[in-house]
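The values are calculated or read from the model by the stated rules, or taken from the named source; none is laboratory data. Values in this document were obtained by computation on a predicted structure and should not be read as measured data. Reconstructed Cβ throughout: ideal geometry from the backbone, glycine too, with neighbour counts over all protein chains shown. With ligands, DNA and RNA removed, areas are computed over all heavy atoms of the protein, side chains included. Shrake-Rupley method; radii C 1.70, N 1.55, O 1.52, S 1.80 Å.
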Amino acid sequence: MKTILITGGAGYIGSHACVEFLNAGYDIVVLDNLCNSSPKSLERVRELTGLDFPFIQDDIRDRAALDALFRDHDIDAVIHFAGLKAVGESVEKPLLYYDNNIAGSVTLFEAMQAAGVRTIVFSSSATVYGDPASVPIREDFPVGGTTNPYGTSKLFIEKILQDVAIADPAWSIALLRYFNPVGAHKSGRIGEDPRGIPNNLMPYISQVAVGRREYLSVFGNDYPTPDGTGVRDYIHVVDLAQGHVKAVEKLAEGPGVRVWNLGTGRGYSVVEMAKAFEQASGRPVPYRFAPRRAGDIAQCWADPAKAERELGWKARRGLEEMCEDTWRWQSLNPNGYEP
Ligand code: NAD
Ligand code: UD1
């Protein structure tokens, strides 16, 4: 494995993965249509690594563009981050999500097949487990029961890749089920830059701390959890990005479909997150209890033992570092990549 195509490489997780692959000695090619990201993230990846790489601004649904890309570059493996990810928007615009995420992925897989590239790492999500019967969640837990088109698109793409491998056992496929990625690169130069009002907890908290929003609404305080608020497995985005490098190394050993949870194995509540962020930032994070958010589950955290055993990968960065690194990015870039 030498040259890696990173779809969605200008995005939050993708930009951190670019840094880790470059630092590990790989060549990368980035494909992104910039529908939810800024090209500045890639300029900063170059600045952080001192390395250059080609960027193609195009859409994974554009077959001709993909064919040209595979013709012009000798790609060994694909890391497939490109996709839309806003849960609420997916409920309002299901066809957009199914077209972008599923049709886009199918077009990418067809172009890979035509080019003879059969190694892929797919960005899946713990959302495919639905509401798990118990925690921690293992990879052999049943999947399904997704409550929105975003989650369903992840479930379908996993299934499509499994069927592709049945039809052609030469494919090497990793389905990485992320828990809740947070944090930013240590430098504070790249990080999460959501457009509009953040849907997810950590970017919302950091915008409260920096003064862009008045207070955090805590969605539900009557869950069957220690303090009544939702519990999740937050994982530092750099740990997550490094998991992708390990997955590519593992896929090089041979064909098949492998599933790995990428999480820390430990859950924190919404209130614990707000308090940890106050501590790290030295700024108040006022919050108010609000009704539960539709589709939310009480608690969700990973059993990460399989990834540790098979990939030799383990999340190393704790909650304090997640909050400190988010705060550094947020305070150095109060408006994200915008000036
Ligand atoms: P992001 O929106 O920051 O990055 C996704 C990137 O894909 C963006 O740069 C966007 O411009 C690009 N993109 C979207 N549709 C495209 C298309 N049709 N053609 C080309 N580029 C396209 O999101 P992220 O948080 O970095 O997530 C990356 C991947 O990980 C996504 O597939 C997401 O569903 C998955 N994931 C994210 C989380 C999370 O909490 N962030 C959790 C689980 C899974
Ligand atoms: C959500 C998505 C999931 C997706 C993931 C990453 C839902 C139901 N699930 O996961 O499919 O893969 O994002 O994009 O949307 N919270 C608040 N106040 C806020 C924001 C969040 O209290 O303003 C709470 C939530 O109720 C939850 C926790 O914080 O208990 C984490 O929320 P969030 O960051 O949105 O992640 P998930 O809901 O786990």
_Need the full-extension length gain, ARG63 to ASP296, defined as separation in residues times 0.36 nm minus the C-alpha distance. One decimal, nm._
80.3 nm
_For a Förster distance of 35 Å, can you work out the FRET efficiency between the beta-carbons of ASP99 and GLU338, rounded to the nearest 0.05?_
0.80
*ARG213 label point, 7 Å along Cα→Cβ, cut-off 12 Å on backbone N: hits in the stretch 165-196?*
194-196
*Can you work out the FRET efficiency for the pair GLN279 and ILE197, with r the C-beta to C-beta distance and R0 = 25 Å, to the nearest 0.05?*
0.50
*Estimated vicinal HN-Hα couplings, Hz - the stretch 17-22 in sequence order (Karplus 6.51, -1.76, 1.60; Gly, Pro = x)*: 5, 4, 4, 5, 5, 5
*Which order do ILE157, ILE102 take when ranked by solvent-accessible area (1.4 Å probe, heavy atoms of all protein chains), largest first?*
ILE102, ILE157
*asked:* Using the basic label-point model (7 angstrom from Cα toward the beta carbon), what is the GLU47 to ASP227 distance in nanometres?
replied: 3.5 nm
*Restricting to the chain, compute how many DSSP beta bridges are antiparallel as a %, nearest 5.*
5 percent
*Report relative contact order for the chain in percent, whole number only (criteria: Cα-Cα under 8 Å, sequence separation at least 6).*
19 percent
*asked:* Need one word for the stretch 204-339: rounded, prolate or oblate. Basis is the Cα gyration tensor (sqrt eigenvalues a ≥ b ≥ c); a/c below 1.5 gives rounded, then a/b vs b/c decides.
replied: oblate
*Roughly how much of PHE179 is accessible, in Å² to the nearest 10, using a 1.4 Å probe?*
10 Å²
*Check cross-link reach from LYS306 to the lysines: straight Cα distance under 30 Å, and skip same-chain residues fewer than eight apart.*
LYS2, LYS85, LYS154, LYS159, LYS186, LYS246, LYS250, LYS314
_Once you place label points 7 Å from the Cα toward the Cβ at ALA252 and ARG316, how far apart are they in nm?_
2.0 nm
_Using only the alpha carbons of the stretch 1-123, what is the convex hull's orientation-averaged projected area in square nanometres?_
7.0 nm²
*Taking the stretch 150-228, which GluC sites (Glu not before Pro) meet the DSSP loop condition and have no more than 13 other C-beta atoms within 10 Å?*
GLU214
_Accessible area in square angstrom per residue, the stretch 1-160, 1.4 angstrom probe_ = 40 Å²
*Accessible area, 1.4 Å probe, largest first: how do LYS246, LYS154, LYS93 sort?*
LYS93, LYS246, LYS154
